[in-house]
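Participant: Structure in structure tokens, see below.
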Amino acid sequence: MRLAYLLPLALIAAAACHDDGVSVNARPPLGGVRFINAVPDGGPVDIRMVDQIEWSASSVSSNASCCGLPFRQGTIHWATEAKARHIRVFPTDSSIAVTSQILHDTTITIQANKNITLMLVGSRAAGGSVHFVQIDDDPSPAATEVGVRLVNATTTAPGAASGYITTDTTSALPGTATFASVAPLSASPYVMRATGKFFVRSTPAGSTASIWNAVAPTGAPADGLIGVTAGYNGPGSALSAYLFPASVTGTKAPQTAAFQKPAVVFFVDLIPKPVQ
């Protein structure tokens with residue numbers, strides 16, 4: 001019984017002999033990495049940086065209803081150590097025999113102080129393969145503006161796409177596209193605009209009939225200790241309107257009516273820093 005009391009006292013005495021303070025690991029150079037699933041013929045995926053655990057982006061997303069990253073969904077920009085990073089993509093499943101399969105294995109160099117999206121594209125059908133398309137997320141709106149762009153996440157239909165910014169979905173489209181002929185798997189430049197509600201309406205390039213549209217998220221200006229919320233009412237924020245393809249019929253991709261045609265989905269690219 002005496003040993004049980006003496007041992008803690010000995011440890012305390014030993015600790016008192018060393019006054020090193022608290023050890024804090026230095027923060028490495030960081031970039032921001034977001035994953036988006038744009039594969040129209042497969043189920044959810046798990047994406048992991050497998051070279052280390054700390055400061056590593058993954059496909060974990062608060063938007064997902066359960067497991068994995070589904071088609072047409074994305075993550076936040078994860079703070080990620082800037083260097084060459086080893087990334088693997090796995091299918092999401094309850095069977096370890098399935099989840100241990102590697103759909104894609106690659107190394108991508110992450111740059112410090114730069115946000116990017118790694119958009120997973122391709123096909124998971126027999127004989128198909130998936131890979132990442134890197135999109136730079138580098139908007140710089142003024143403190144009173146909102147930045148917005150169109151990203152064409154399709155590979156086949158509709159092909160090149162155009163986009164229009166309007167305040168409703170019923171009026172005739174402007175004569176000139178805001179985002180003209182955005183090629184498949186590419187992003188338009190950002191357009192800066194004043195705050196206020198808007199829609200992005202997209203068409204196949206050369207068409208004048210609005211087909212796909214979505215309203216931008218609302219957002220809000222700063223309010224006291226609460227910073228700006230990204231959206232059309234959030235000055236200094238920036239958004240991307242992604243045009244996704246329809247799900248391929250009969251695959252593990254969602255098959256509901258909303259997925260049977262292309263759709264525009266908004267993602268937040270920039271939330272301004274809180275005022276100090």
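Every number in this text was worked out from the coordinates using simple rules, so none of it is lab data. Computed from a prediction, not measured in an experiment: that's the story for all the values here. Here the Cβ positions follow ideal geometry from the backbone for every residue, glycine too, while neighbour counts run over all protein chains shown.
Participant: What lysines does Lys83 reach when the alpha-carbon gap must be under 19 Å and sequence neighbours fewer than 8 apart in one chain are set aside?
Facilitator: Within the straight-line limit of under 19 Å, Lys83 reaches these lysines: Lys114.
Participant: Cβ under 13 Å from Val121's Cβ, Val121 left aside: what net charge do those residues give with Lys, Arg +1 and Asp, Glu -1?
Facilitator: For residues surrounding Val121, the net value is +1.
Participant: Taking the Cα centre of each part, how many Å lie between the range 178-211 and the range 121-142?
Facilitator: Taking the Cα centre of each part, the range 178-211 and the range 121-142 sit 18 Å apart.
Participant: Okay, moving on. For the range 26-138, how big is the tail of P(r) above 17 Å, as a whole percent of Cα pairs?
Facilitator: Cα-Cα pairs in the range 26-138 separated by more than 17 Å: 51 percent.
Participant: Considering only DSSP beta bridges where both residues belong to the chain, give the percentage that are antiparallel (nearest 5).
Facilitator: Of those bridges, close to 80 percent are antiparallel.
Participant: Could you give the length gained on full extension between Val215 and Asp51, defined as 0.36 nm per residue of separation minus the Cα-Cα distance, in nm?
Facilitator: Stretched fully, the Val215-Asp51 segment lengthens by 55.1 nm.
Participant: Just from the alpha-carbon atoms, what are the Rg and Dmax of the chain in angstroms?
Facilitator: 23.1, 90
Participant: In addition: Can you give the FRET efficiency for Lys197 and Ala172, using 1/(1 + (r/R0)^6), R0 = 22 Å, r = Cβ-Cβ distance, to the nearest 0.05?
Facilitator: 0.75
Participant: Please find the FRET efficiency linking Ala97 to Asn25, where r is the Cβ-Cβ separation and R0 is fixed at 30 Å, and quote it to the nearest 0.05.
Facilitator: 0.20
Participant: Pick from Ser94, Ser58, Ser207: which residue has the top mean-square fluctuation in a GNM of the chain where Cα pairs under 10 Å get a spring?
Facilitator: Result: Ser94 has the largest fluctuation of those listed.
Participant: Mind checking Rg over Rh on the range 87-144, alpha carbons, Kirkwood formula for Rh?
Facilitator: 1.14
Participant: Continuing with the same structure: Would you mind telling me which residue in Asn213, Asn25, Asn37 has the biggest mean-square fluctuation in a Gaussian network model of the chain, where springs connect alpha carbons within a distance under 10 angstrom?
Facilitator: Asn25
Participant: If the range 117-276 were replaced by its equivalent ellipsoid, with semi-axes equal to the square roots of 5 times the Cα gyration tensor eigenvalues, what would those be, largest first, whole Å?
Facilitator: Working through the eigenvalues yields semi-axes of 28, 19, 14 Å.
Participant: While we're looking at this one, here's another question. Got a sec? How would Met192, Met119 order by Cβ neighbour count within 10 Å, fewest to most?
Facilitator: In order of increasing Cβ crowding within 10 Å: Met192, Met119.
Participant: Now for a different question. Can you return the aspartates and glutamates within cross-link range of Lys273? Criterion is Cα-Cα under 18 Å, with same-chain partners fewer than 8 residues away left out.
Facilitator: Asp137, Asp138, Glu145, Asp223
Participant: Then there is this: Using only Cα atoms and rounding to the nearest 10 degrees, what angle (0 to 90) does helix 2-16 make with the longest principal axis of the chain?
Facilitator: The angle comes out at about 70 degrees.
Participant: To make sure I understand the rule: partners must be aspartates and glutamates, Cα under 16 Å from the Cα of Lys261, and not fewer than 8 residues away in the same chain. Which ones qualify?
Facilitator: Counting by Cα, and skipping residues close in sequence, Lys261 has these aspartates and glutamates nearby: Asp41.
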